[in-house]
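Q: After the structure tokens below, expect a handful of questions from me.
The values are calculated or read from the model by the stated rules, or taken from the named source; none is laboratory data. Owing to the predicted nature of the structure, the values given are computational and were not obtained by experimental measurement. Positions of Cβ are backbone-derived with ideal geometry, glycine not excepted, and every protein chain shown enters the neighbour counts. The area values use the complete protein model at the heavy-atom level, side chains included, leaving out ligands, DNA and RNA. Shrake-Rupley method; radii C 1.70, N 1.55, O 1.52, S 1.80 Å.
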Amino acid sequence: MDFVELRVQAPRELADILVAELAEVGYDTFEDNDEGFCAYMGEETFNQDDVAEIMARYEGIGEIEYSHRIITRQNWNAEWEKNFQPLVIADRVSVRAPFHPKPEPIEYDIVIMPRMSFGTGHHETTALMIENQLAIDHQGKRVLDMGCGTGILAIMAAQLGAREVLAVDVEPWTVENAADNAAENNCTNIECRLGGVEVLAGEAPFDIILANINRNVLLEDMHAYAALLPAGHPILFSGFYQEDLAKIDAEAQKHGLVFQSHRTKNNWVSAIFIKQ
């Protein structure tokens, strides 16, 4: 399966609105850049008319340019080898591809080959989630990573001492990629599973839940996450903008999740809640 990359040039305040609109029609991954952003979705769900309709609604509000291209599976590695630069998060975590040398000294070293999945630490939400993970005791804990992408958060959890990690995603190539990345990082305690919340039926409770997806999925599935989290344990949410935090908090309260703190970067948010 191939991806559609939609490149949008727009003023920052308008870009935020367009991201929210595109999320409503199926775009589920966004990467900011100096000119605007890129949005991604599977080619089989791409509808050019949906994009044109959204862009037309905002003509006259700001200058918008957009275009799309198909990124084929076979070209994905070449794209990332050309563009993926190593990254250090919070001065403690290195995120690099196998073709990058390991930096020294560094506390945690994560090797990621993205292939057709997303989550290299370069997007604000992934980096924010990792920063929040660093503040939470994972030692001996059972962890759930929903919307695992490349598996980077699951790998971070394992390196922080989690005894068992379940990484779940709805895309087959993503689950395959996460499993390969777990193996690359010698994380034998990570299980990668295909599906959504339905695959959690019958699961034992988790000590920590990580959910870096998007606002709509978080709001829809939060009840399922909360049901698997014992009292006193944390759940980390990301994949939404700062203006959506109130909606996330309101839904969380319905399920006994109490807001603790949040981090922001370029208007993206990662928030920590605790189960009552």
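Q: How much space per residue, in cubic angstrom, does the convex hull of the C-alpha atoms of segment 90-210 take up?
A: Considering the Cα atoms of segment 90-210, their hull volume per residue is 93 Å³.
Q: Determine the gain in length on full extension of the stretch V88-E176; use 0.36 nm per residue of separation and subtract their C-alpha separation, reporting nm with one decimal. Mind dumping the intermediate values first?
A: On the way: separation 88, 0.36 × 88 = 31.68 nm, distance 2.51 nm.
Gain on stretching V88 to E176: 29.2 nm.
Q: Right, here's the next one. Two decimals is fine: what is log10 I(q)/I(0) at q = 0.18, 0.21 Å⁻¹ for segment 147-254, from a Debye sum with one equal scatterer on every Cα and no solvent?
A: Values, matching the q order: -0.91, -1.19.
Q: With the full set of protein chains in place, find how many percent of the accessible area of segment 138-237 is carbon and sulfur; take the probe as 1.4 Å.
A: The computed percentage sits at 51.
Q: Further question: So what's the back-of-envelope 222 nm ellipticity for the chain, counting only DSSP H runs of four-plus at -39500 (n - 2.57) apiece and dividing by all residues, rounded to 500?
A: Computed ellipticity for the chain at 222 nm equals -9500 deg cm²/dmol.
Q: For the chain, please report how many Lys pairs fall under 29 Å Cα to Cα, leaving out neighbours fewer than 8 apart on the same chain.
A: 13
Q: Quick one: if the Förster radius is 30 Å, what FRET efficiency do T45 and D249 give, using the C-beta to C-beta distance and rounding to 0.05?
A: E between T45 and D249, to the nearest 0.05, is 0.50.
Q: If you build the Cα gyration tensor of the chain and take the root of 5 times each eigenvalue, what three semi-axes come out, in whole angstrom, biggest first? Walk me through the numbers before you get to the answer.
A: On the way: eigenvalues 161, 106, 61 Å².
Semi-axis lengths for the chain are 28, 23, 18 Å.
Q: Looking at segment 196-253, which GluC sites (Glu not before Pro) are DSSP coil and have at most 10 other C-beta atoms within 10 Å of their C-beta?
A: Numbers: sites: E198, E203, E220, E243, E251; in loops: E203.
Listed in order of number, the matching sites amount to none.
Q: While we're looking at this one, here's another question. Which residues in segment 239-259 have a backbone N closer than 15 Å to a point placed 7 Å from the Cα of Q276 along the Cα-to-Cβ line?
A: The answer is 249-259, whose backbone nitrogens lie closer than 15 Å to the label point.
Q: Roughly how many nanometres apart are two label points built 7 Å out from the Cα toward the Cβ at H68 and A227?
A: 3.5 nm
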